[in-house]
Structures are given as structure tokens and as C-alpha cells.
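Colleague: I'd like to ask some things about the structure below.
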Amino acid sequence: MRKKGFIFDLDGVIVDTAKYHYIAWKTLADQLGFAFTKRQNELLKGVSRTRSLEILLAIGNIEASEAQKAYWMEAKNMEYLRYIEKMTEDEILPDVPKILQFLKEHQYPIALGSASKNASHILHKVGLLEDFDVLVDGTHVSKAKPDPEVFLLGAKELGLEPSDCVVFEDALAGVQAAKTAGMIAIGIGDHESLREADYVFNDFTEIEARFLSTL
Ligand code: B16
Ligand code: MG
């Protein structure tokens, strides 16, 4: 059996930044005069910033020029970053360091595969930047998940075949991207919404590190 590489999504897998995305998008919705609920925020998980704004504006039934959209995305990101600045290692999700440590000890290559343009900054804030051999984020790819681009680039940079990569994802779009890429997908979160994954766990506390060596 050839040695696998492991690719981690960021938001919802390593840290819960969705709550900060929600606050920042809600501020924009408030300014534009429509309601934006936490339930609707689920639609934004794992998708790019541009796509997130499109979904938000569709909810508010608002049309806008490209220049106006760019302005709103910048304003949203500025507010989002105010919360990111306060992040510390305390916000790393349970048992993520344990799993990273196991993979490092056994010399498994580790990559990040995130849609976020803020990914390296967030990893730096929580003290995990050095744990990744390869970073692929929203600044490197043009096609958003469920397109497999982000994970295929991760495999390429790790020097591995896609079939030798295992992806951890919390979003359905991300699981679909991993499967389209020909990778093993491990869903982190709700079993029902992630059922297209090869395995699903509620969180990393349910994953026996040794299980990863059997993949
Ligand atoms: P940014 P992931 C994604 O991160 C988030 O889940 C998604 O809600 C967000 O819109 C996207 O990053 C872009 O983030 O505005 O920071 O570039 O789950 O792919 O790690
Ligand atoms: Mg995610």
C-alpha cells in the first residue's frame, strides 16, 4: 500500500471561522435591509467569497454592479478580519493537534486545501502554519468547490497521485470536490448532509489516529 497524503479543509475542520463569516455577512445584510439567518449561512460554508456574496444578494433579492460587489466584499472582509485578529490556538477544534502530530510522527505529507483567501493568516494566528507541508487556498485557485481544482493542486504540490490523498471536509461541496478529484473523503460533521463521503465523523475526537494508517 502506497503512503497516503492528507489534505485538510480549514473552516469547519481546523477552526470554526463560519461564525465570524456569519457576523460579517449579517452586518452587510443589515445595511442592505434584509434578514440573514444562521440557517441561511449554511449555504455559504465552503464556497468562495464571490459565490457567498452572490448567494447573499439572491437571498435579499438585490442586484448590483461588479464594482459595488467588489466594494461589499472588501467591506465584509475587513470586518471578518477584525475577528480573525483576535484568534488564538484556543480556537483550534478538538483533537486536531493530536491528529496532525500523529501524521507528522509517521511522516505523512500534510496539505491545506481551503477556499479562503485568509487561510495562511488564520493558520498563523492559531499557531499551525508550520505544520503544513503545502498550502493551497483561495489565492491559488480560480474555481470554487465542488470543482476539484483546490485538491488536485494540493496533490500535485505534495507530489502524490490524487488516489493517494485523503481529504477532511465539513462541507458537502468540499466532499464532492474530493470525490471528483478521485480522493478518499472524510466528512467532519453531520452524517446526513455529508453522506457522499467515504467516512463521516462528528469531529476529530471520534477518529482513532491508527485508523488513518489503514486508509
Ligand atoms: P475568505 P474553507 C471557506 O473556507 C469558508 O467555508 C467559506 O464560508 C468562505 O466563504 C470561503 O472560505 C472564503 O473565505 O472570504 O476568507 O476568502 O471551508 O474552504 O476552509
Ligand atoms: Mg470548510
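The values are calculated or read from the model by the stated rules, or taken from the named source; none is laboratory data. Every value quoted in this text rests on a predicted model; they were computed, and no experiment measured them. Cβ sites come from the backbone with ideal geometry, for glycine too, and all protein chains shown count toward neighbours. Protein only, heavy atoms only, side chains kept; ligands, DNA and RNA dropped before computing areas. Shrake-Rupley method; radii C 1.70, N 1.55, O 1.52, S 1.80 Å.
Colleague: Any residue in region 149-175 that is at positive phi sitting within a Cβ distance under 9 Å of a residue that is in a loop (DSSP other than H, G, I, E, B) and away from ligand 1 (no atom under 15 Å from the Cβ)? List the pairs, counting only those 6 or more apart or interchain.
Modeller: Taking only residues 6 or more apart or on different chains, the pairs are 159/109.
Colleague: Which members of region 1-22 meet the condition of being open to solvent by 60 Å² or more (accessible area, probe 1.4 Å) and under 27 Å from residue 89 (Cβ atoms)?
Modeller: 19
Colleague: Can you name the helices (runs of 4 or more DSSP H) wholly within region 28-98 that have at least 3 residues being of a type in the set (Lys, Arg) and either away from ligand 2 (no atom under 16 Å from the Cβ) or surrounded by 15 or more Cβ atoms within 10 Å (Cβ to Cβ) (or both)?
Modeller: Counting at least 3 such residues, we get 66-84.
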